[in-house]
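Asker: Sharing a structure here in structure tokens format.
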Amino acid sequence: MGMNMTEKILAKHAGLASVEPGQLITCKLDMVLANDITAPPAIKEFEKIGRPVFDNTKIALVPDHFTPNKDMKTAGLTKAVRDFANANNIVNYFEVGHDAGIEHVILPEKGLVGPGKLTIGADSHTCTYGAVNGFATGVGTTDLAVALATGEAWFKVPQSIKVNLTGKKPKNINGKDVILTLIGMIGVDGALYQSLEFAGPGVAELSMTDRFTIANMAIEAGGKNGIFPFDEKTKEYVEGRVKDYEPVAPDADAKYVRTVEINLSELKPVVAFPHLPGNTKRVEDIGEIKIHQVVIGSCTNGRLEDLAIAAEIMKGHKVHKDVRCIVIPGSQQVYMEALEAGYLKTFIESGAAVSTPTCGPCMGGHMGIMTAGERCVSTTNRNFRGRMGHVDSEVYLAGPHVAAASAILGRIATPEEVE
Amino acid sequence: MALEGKVWRYGDNIDTDVIIPARYLNSFDPKELASHCMVDIDTTFAEKVQEGDIMVGGKNFGCGSSREHAPIAIKASGVPVIIAASFARIFYRNGINIGLPLLEIGDDVEKIHADDRLRVDPEKGTIENLTTGDTFKAHPLPGFVQDIANAGGLINYIKSKK
Ligand code: SF4
């Protein structure tokens, strides 16, 4: 019987010829990831097992959430990660500054994840790496602790939903519009325990940045993972970065529980209203919603192309007087490239605050926390109650195009509305 | 072993940010996490919850981040079992891995209300609503996942296999 991409990667890593949905398997892992929030408790559990780390080259530790550390407690968390990395010779420890950044931006950037590879991370947005044709999923700290010691994890093979993309991607539409539209269609539990496999002629229309944004938010539909096929664009991205990769493609008779159709030509800029990523509405339909803050960044939309989109819209304009616009490049590399391309100058000239790479306000950590009654348009991935501060503040999720236009106009707006 | 307790009833899509908001993730001490559990939607929970009380939610309970701080906060509040229509998958794994039984009962959850008293046998997956007389059966855990639960969590399970 034919297998889809997720099944092929899981079968190979379980040492099996084939697997089917529902089957319980144990897989060997190619990369194991944790951050400054999830690594410290995992390290404590790991120590209870009483074994050495399984492979010091297959572990990535990224202090990105509360860094540069915002207070003494979080400095203690990061120190615990740093001490563990030093004691165990962890090759891929990413210290603030240096060549670091947000975990899901830098792991693909450094080629630590790639086609056919299996990654788990103690962070729910680990599913981002499906963009480069890998299987990647988030786990908790206990799974991570066991993975650090054994290099293995257990999985239930998920059922898969095929997302068939057709049509041409219009101007002013990007990956965020695709994924928010999809979550709006199927709901925040529409892919619960399932895999989202992207397919169809529309895939070729999407840049790697679009694909990272889309795979990143598979979890926002409840998905275990999201995965893209390997094509010319993937090849161009991974060549020279990733060692020994083996792309996977679905068999012609691969099984899917259902197919969801998205015609890219019909998409419009969208925004997800509080307090769920599935509350998707077209920006043109929402009327006037005044805002106080805009955040452009995160593991969803903190890549160079995202900043390019925002800079193009903001060039020659000023951020609205009632708005704080915070731009956060996703990694040191993105930061440098955005500097060289002149985007950071554009942001600063327009009145935006540009930050060093960090998760920052995305999960209510620091660098732009809101008080009661405030509204933010954010390129991040979650708008749960209290996610960016006070329980009575509101987060509206959108792509960098809508975020930039909204920063200038002081209300949620489409890029076309900026003269 | 049967458990008996009073119900704390919540709705659909209870996310990990409300179970334990990010501002409290600068600690992973279970007692401290428990002291902030659910505050953003229910300020009475952390204060009034009694050892043995049972948490009941709707669809997609525990969606959002992978923070194991969330099931840990609930467990450390004295809650020995969570019942929901369905669970988000990372939360579900985490519950099993830390030895906190999670029972999925689909739409039957509508027949459990705030302050009902339940008798629950997590191993058998049986639930009795002592207030209304209704009984429910949860989906059983598959294969070796039951062994992990029986061992009291993944760390014990791995150690026992050494
Ligand atoms: S940017 Fe936001 S969603 Fe991404 S890893 Fe950081 S906190 Fe999580």
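The values are calculated or read from the model by the stated rules, or taken from the named source; none is laboratory data. None of these values were measured; they are calculated from a predicted model. Counting neighbours? That spans all protein chains shown, and the Cβs are built from the backbone with ideal geometry, glycine included. In case anyone asks, the SASA skips ligands and DNA or RNA and just uses the protein heavy atoms, side chains included. Shrake-Rupley method; radii C 1.70, N 1.55, O 1.52, S 1.80 Å.
Asker: Have a look at the DSSP beta bridges in the stretch B:3-161 and tell me what percent are antiparallel, nearest 5.
Answerer: On the way: 11 of 22 bridges.
In the stretch B:3-161, DSSP labels about 50 percent of beta bridges as antiparallel.
Asker: Could you compute how much accessible area chains A and B hide from each other, both sides summed, with a 1.4 Å probe? Nearest 100 Å² is fine.
Answerer: Using a 1.4 Å probe, the pair buries roughly 3800 Å².
Asker: When DSSP assigns beta bridges and you keep just the ones with both residues in the stretch A:5-263, what percent turn out antiparallel, to the nearest 5? Working shown, then result.
Answerer: Numbers: 5 of 32 bridges.
If I count the DSSP bridges inside the stretch A:5-263, around 15 percent turn out antiparallel.
Asker: What is the distance in Å between the Cα centres of the stretch A:182-225 and the stretch B:95-162?
Answerer: 31
Asker: Which translational diffusion coefficient, to the nearest whole µm²/s, is obtained for the stretch B:3-161 from the Stokes-Einstein equation, given a Kirkwood hydrodynamic radius over C-alpha pairs, 20 °C and 1.002 mPa s? Numbers along the way, then the final one.
Answerer: On the way: Rh = 15.5 Å.
Using the Kirkwood radius from Cα pairs, D works out to 138 µm²/s.
Asker: If you don't mind, another one. May I ask you to give the percent of accessible area on the stretch A:270-417 that is carbon plus sulfur, with a probe radius of 1.4 Å?
Answerer: Of all accessible area on the stretch A:270-417, carbon and sulfur atoms account for 51 percent.
Asker: Let me know the Rg and Dmax you get for the stretch A:270-417 when you use only its Cα atoms, in Å.
Answerer: My reading of the Cα-based Rg and Dmax gives 13.6, 39 Å.
Asker: Ignoring ligands and nucleic acids, what accessible area does A:Phe155 show with a 1.4 Å probe (Å², nearest 10)?
Answerer: 0
Asker: Another one. Work out which GluC sites (Glu not before Pro) in chain B are exposed loop sites (DSSP not H, G, I, E or B, at most 14 other Cβ within 10 Å) and give the longest gap free of them.
Answerer: Values: sites that count: B:Glu51, B:Glu123.
With GluC sites (Glu not before Pro) excluded where exposed in loops, chain B gives B:52-122 as its longest stretch.
Asker: Specify which residue in the list A:Asn216, B:Gly58, A:Gly114 is farthest towards the positive end of the charge dipole of the protein assembly as shown, using unit charges on the beta carbon of Lys, Arg (+1) and Asp, Glu (-1), about the Cα centre.
Answerer: It is A:Gly114.
Asker: Over the stretch A:63-201, give the accessible area per residue in Å² for a 1.4 Å probe, as an integer. Please report the intermediate quantities before stating the final value.
Answerer: Values: 3680 Å² over 139 residues.
For the stretch A:63-201, the solvent-accessible area averages 27 Å² per residue.
Asker: Using only Cα atoms, figure out Rg for chain A and give it as a multiple of 2.2 N^0.38 Å.
Answerer: Working: Rg = 20.4 Å, N = 419, 2.2 N^0.38 = 21.8 Å.
So chain A has a normalised radius of gyration of 0.93.
Asker: Report Rg(Cα)/(2.2 N^0.38 Å) for the stretch B:85-162, keeping two decimals.
Answerer: Details: Rg = 13.9 Å, N = 78, 2.2 N^0.38 = 11.5 Å.
Taking N as the residue count of the stretch B:85-162, the ratio is 1.21.
Asker: Could you tally the net charge around A:Ala254, taking each other residue with its Cβ under 12 Å from the Cβ of A:Ala254, Lys/Arg +1 and Asp/Glu -1? It would help to have the intermediate numbers written out before the result.
Answerer: Values: positive: A:Lys8, A:Lys162, A:Lys255; negative: A:Glu7, A:Glu20, A:Glu197, A:Asp251, A:Asp253.
Neighbourhood net charge equals -2.
Asker: To one decimal place, what Kirkwood hydrodynamic radius in Å is obtained for the stretch B:61-104 from all pairs of distinct Cα atoms? Please list the in-between numbers first.
Answerer: On the way: mean 1/r = 0.0988 Å⁻¹.
Value: 10.1 Å, from the Cα pair sum.
Asker: Okay, helix-only estimate at 222 nm for chain A: each DSSP H run of n ≥ 4 adds -39500 (n - 2.57), divide by all residues, round to 500 deg cm²/dmol; what do you get? Let's see the in-between values first.
Answerer: Working: 13 runs with 124 residues, N = 419.
Mean residue ellipticity at 222 nm (helix-derived): -8500 deg cm²/dmol.
Asker: Below 13 angstrom from the Cβ of B:Gly95, what's the summed charge of the other residues (Lys, Arg +1; Asp, Glu -1)?
Answerer: Values: positive: B:Arg67, B:Lys75, B:Arg89, B:Arg93; negative: A:Asp143, B:Glu68, B:Glu104.
Net local charge, B:Gly95 excluded: +1.
Asker: Report the rotationally averaged projected area of the stretch A:1-136 based on its alpha-carbon convex hull, in square nanometres. Present the calculation step by step, with values, prior to reporting the outcome.
Answerer: Details: hull surface 35.7 nm².
Computed as one quarter of the Cα hull surface, the answer is 8.9 nm².
Asker: Of the trypsin sites (Lys or Arg not before Pro) in the stretch A:216-289, which ones lie in a loop per DSSP and count no more than 16 other C-beta atoms within 10 Å?
Answerer: On the way: sites: A:Lys224, A:Lys233, A:Lys235, A:Arg241, A:Lys243, A:Lys255, A:Arg258, A:Lys281, A:Arg282; in loops: A:Lys224, A:Arg241, A:Lys243, A:Lys255.
Filter output for the stretch A:216-289: A:Arg241, A:Lys243, A:Lys255.
Asker: Here's another thing I want to ask about it. Taking K and R as +1 and D and E as -1, what net charge do the other residues with C-beta under 12 Å from the C-beta of A:Ile161 add up to? Please list the in-between numbers first.
Answerer: Values: positive: A:Lys162, A:Lys224, A:Lys255, A:Arg258; negative: A:Glu197, A:Glu261.
The answer is +2.
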